[in-house]
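> So that we are looking at the same thing, I have put the structure below in structure tokens.
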Amino acid sequence: MTGAKTKLASGSALIALAILSFGLSYAHLGHASIGVAFLIAAFKAMIVGAVFMEIGREKASFKLALLAGALLLATLLGFVASDVRMRDPPPLPPPATEPARGI
Amino acid sequence: MSDAELADTPPTHDHYATLEQQAAAVKIALAIFLASEALLFTGIFALVVAYQSDWPHAFQIGIAHNTKVLGSINTGVLLISSTLVAVAVDAQRAGRRVLAGSLTLATAVLGIVFLVIKMTEYAQHFSEGIYPGGRGHFFLEHPEHGLPTFWSLYYLATGLHAVHVTVGTGILVYRGIRVFKGSLQHSLEASALYWHFVDVVWIFLWPIFYLA
């Protein structure tokens with residue numbers, strides 16, 4: 001079970017990265033904090049995908065289905081990012097007395 | 001697959017010629033399902049990012065009031081559970097059925113632990129007057145615009161994720177019991193893939209709602 005040893009090592013690395021994220025959340029990195037947190041999250045997701053899900057070992061049909069999903073995700077995120085960058089600031093003033101309602 | 005393994009496992013369904021064909025069909029279906037699930041959660045992530053750009057201060061207040069320690073413990077719980085089920089897959093491949101079944105059931109137990117912690121978090125939020133839709137005395141004390149949106153998105157995303165954890169836990173309990181009896185290898189692999197997906201979703205939810 002050599003694969004099991006790799007997976008246990010990867011699990012330890014994931015925990016270490018989670019502790020790093022937790023520690024950095026107290027570092028007051030300002031606007032960079034979300035970027036750093038997402039970078040670590042993406043790295044953790046890559047470990048899960050490559051080692052635990054063994055995507056590299058799967059058949060081409062499996063990878064193709066995931067790739068199609070990834071392309072759709074990229075399209076969705078691309079449109080959201082362009083919308084956020086180009087739209088006007090929200091015209092909503094803070095409420096005076098009544099609590100604001102959610103979405 | 002060896003002859004001994006074939007003799008020890010249930011037969012294929014009628015419409016598949018071989019076990020390999022059945023396994024490939026299961027994996028393709030699962031990949032399409034997971035891709036569609038990823039789109040669902042990414043839609044919610046996109047909402048959070050868009051609203052956060054509108055009301056960064058409100059989102060900072062929301063994160064500051066969140067149950068950071070409990071959420072972080074849950075991250076550890078899910079990462080450990082994902083590791084266990086990944087090792088269970090290897091154990092089943094090595095023919096160590098008891099170990100594989102035990103690790104799968106241990107993963108399910110960690111799923112239950114995750115849900116108990118999540119319910120504890122919700123109970124704490126309710127006691128502070130934080131309800132979905134901006135209802136509760138918390139929003140009278142903190143009339144920051146955008147704060148109700150943060151908490152509504154939090155309940156939506158984590159609630160949907162909790163539903164997935166509940167389903168995954170049920171699948172793992174069933175699969176763990178079947179592994180002891182000699183379940184097909186690809187069935188455990190498919191269950192594990194679903195659980196890893198649930199883990200990946202939480203990997204992104206955690207920084208968005210608890211850390212950033």
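> Please pick out the residue among B:163, B:201 that is within 19 Å of the chain's Cα centre (by Cα) and surrounded by fewer than 23 Cβ atoms within 10 Å (Cβ to Cβ).
B:163
Yes or no, residue by residue, for (1) over 29 Å from residue B:162 (Cβ atoms); (2) at pLDDT 95 or above; (3) outside any helix (DSSP H, G or I); (4) touching a Pro at 6+ places or on another chain (Cβ under 7 Å):
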{"residue": "B:7", "(1), (2), (3), (4)": "yes, no, no, no"}
{"residue": "B:13", "(1), (2), (3), (4)": "yes, no, yes, no"}
{"residue": "B:39", "(1), (2), (3), (4)": "no, no, no, no"}
{"residue": "B:46", "(1), (2), (3), (4)": "no, no, no, no"}
{"residue": "B:71", "(1), (2), (3), (4)": "no, yes, no, no"}
{"residue": "B:75", "(1), (2), (3), (4)": "no, yes, no, no"}
{"residue": "B:79", "(1), (2), (3), (4)": "no, yes, no, no"}
{"residue": "B:90", "(1), (2), (3), (4)": "no, no, no, no"}
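> Right, next: Of B:76, B:43, which residue is at the interface with chain A (Cβ under 8 Å from one of its Cβ atoms), under 25 Å from residue A:69 (Cα atoms) and not aliphatic (A, V, I, L, M)?
Matching residue, one of B:76, B:43: B:43.
> Related question: Condition test on residue B:141, is it touching a residue at least 24 places away in the same chain (Cβ under 8 Å) and surrounded by fewer than 17 Cβ atoms within 10 Å (Cβ to Cβ)?
No, not satisfied.
> Still on this structure: With touching a residue at least 24 places away in the same chain (Cβ under 8 Å), more than 30 Å from residue A:86 (Cβ to Cβ) and over 14 Å from the mean Cα position of the chain (by Cα) as the only criterion, which of B:48, B:69, B:89, B:85 stands out?
Working: B:48 fails: more than 30 Å from residue A:86 (Cβ to Cβ); B:69 fails: touching a residue at least 24 places away in the same chain (Cβ under 8 Å); B:85 fails: over 14 Å from the mean Cα position of the chain (by Cα).
Exactly one of B:48, B:69, B:89, B:85 is touching a residue at least 24 places away in the same chain (Cβ under 8 Å), more than 30 Å from residue A:86 (Cβ to Cβ) and over 14 Å from the mean Cα position of the chain (by Cα), namely B:89.
> Inside region B:166-182, can you point out the residues that are aliphatic (A, V, I, L, M) and surrounded by fewer than 17 Cβ atoms within 10 Å (Cβ to Cβ)?
If the condition is that a residue be aliphatic (A, V, I, L, M) and surrounded by fewer than 17 Cβ atoms within 10 Å (Cβ to Cβ), then B:167, B:177 are the ones that fit.
> State which residue pairs qualify: first residue at positive phi and without any contact (Cβ under 8 Å) to a residue 60 or more places away in the chain and inside region B:115-130, second residue of a type in the set (Phe, Trp, Tyr) and surrounded by 14 or more Cβ atoms within 10 Å (Cβ to Cβ) in any location, beta carbons under 7 Å apart, and separation of 6 or more residues or different chains.
B:129/B:138
The values are calculated or read from the model by the stated rules, or taken from the named source; none is laboratory data. The structure displayed is predicted, hence computed values, not measured ones. All Cβ positions, even for glycine, are placed from backbone atoms using ideal geometry, and neighbour counts span all protein chains on display.
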